[in-house]
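Just so it is clear, none of the values below were taken in a lab; they were calculated from the coordinates. Just so it is clear, the structure is predicted and the values come from calculations on it, not from any experiment. Heads up, the Cβs are rebuilt from the backbone with ideal geometry, glycines too, and the neighbour counts pull from every protein chain shown.
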Amino acid sequence: MTAVNSPRRPLPTLLPTSVVGSHALPGWFWTALEAIKAGTYGQTDVREVMDDAVNAAVRDQERAGIDVITDGEMRRWYFVQGFYGRFTGLEELPPLRTQGVYGYDSPPRYRIQEKVTAPSGLGIVEEYRYLVDLTDRAIKVTCPGPLTLTIHMQTRQGDAYGGDRVALAFDVAELVNRELHALADAGADFIQLDEPSYSIIPGKAAEWIALYNTAVRGVQQKGVRLGLHVCFGNLASRPRGRRSYRWMAADLLEARSDQIVLEFANREMIELDLLGEIARAGKDVGAGVVDVKSFYVEPPEEVAERVRQCLEHVSPDRLTLVPDCGFFQLPRWLCVTKLKNLVAGVGLVRRELEG
């Protein structure tokens, strides 16, 4: 692995590749998690497991040829569930359903007891500090957005938020903002917030964008490039929200982000005209051209054709190519194969443009 002070590899001028966030977990990692849950691992053992998982995710992305990598979110659990232990003011409730296929009604829920705080932060700064020592690739740091972080929290009349989910989410947005500023101060220069909940929780997109803008307030001024990833859920490779961006498109343009990342492959590449709208608003776009909800392995030629479809709506200097979402729900071999084919397919189009 590369030393911390090594210069970053330059990005391609056209069509960089990246990932959305999570990487597939190695088989041995699941075994280790069982041992950790059983209490048979000490603190040093646990740290070694988590570090090795990040090392594997970074190496997989590097070997696949991904230009902008993440740490694979390997220290997290089911996207947001690992964060709830960092919040105060919550009472854990049992899951609604424990039998059968794991789904959106299976995770634990949390009842509001008092104002929600995170005295020790969200732990993402520590994740970044470990990652930056491992690689010379460009790094993207990911964080669930404030709406999504509250998805398992329940507020009721009489509690600290009086049943007002938006008020709760704005408090969480302030906690996210504090974490993002700490990341910027630690040297992070590209941060993406992930919000599948825009399409899941009832409400107005304008409110959701106001939450995003609160969470990122003042961060761009520190030289940080900001992304916003919006999808439709990916628990057990199943979407949860209505799979259309059209109703929220105008509000998305009001986000104080430099890039908006959307999924297309799983939706048969519909609504690609949104790429042009986003670019005309002065933002870069990340287009999902690999389906993470399917075991079908897109050959490079098919990835290349999807990229060409994107280029009918947006110029190559504003386009980054990514999978639709994170890879947490796929086996590692399939994740790695899809990453390699993503890079190979984008490479075909890049050579066409440069030739």
Matching label for the computed Kirkwood radius over Cα pairs in Å, out of (1) 24.8; (2) 20.7; (3) 22.0, is (2)
If amide H atoms are modeled at 1.01 Å from N in the peptide plane, then the residues at a separation of 5 or more from residue 137, or on another chain, having amide H under 5 Å from its own are 9
Dipole check, the chain, charges on Cβ (K,R +1; D,E -1), about Cα centroid: among 287, 226, 215 the Cα furthest to the positive pole belongs to 215
Of the residues 20, 169, 264, the Cα lying farthest along the dipole of the chain towards its positive end, which is defined by charges on the beta carbon of Lys, Arg, Asp and Glu, belongs to 169
Descending packing, highest mean Cβ count within 10 Å first, for 172-178, 210-216, 221-227, 41-47 is 210-216, 172-178, 221-227, 41-47
Put in order of increasing Cβ neighbours within 10 Å, starting from the fewest, 98, 150 give 98, 150
Among the DSSP H helices of the chain, those whose Cα atoms extend at least 24 Å along the helix axis and whose mean Kyte-Doolittle hydropathy is -1.0 or higher are 43-64, 165-186, 332-354
For residue 340, counting only lysines whose alpha-carbon sits under 23 Å away and dropping same-chain residues fewer than eight positions off, the answer is 140, 293
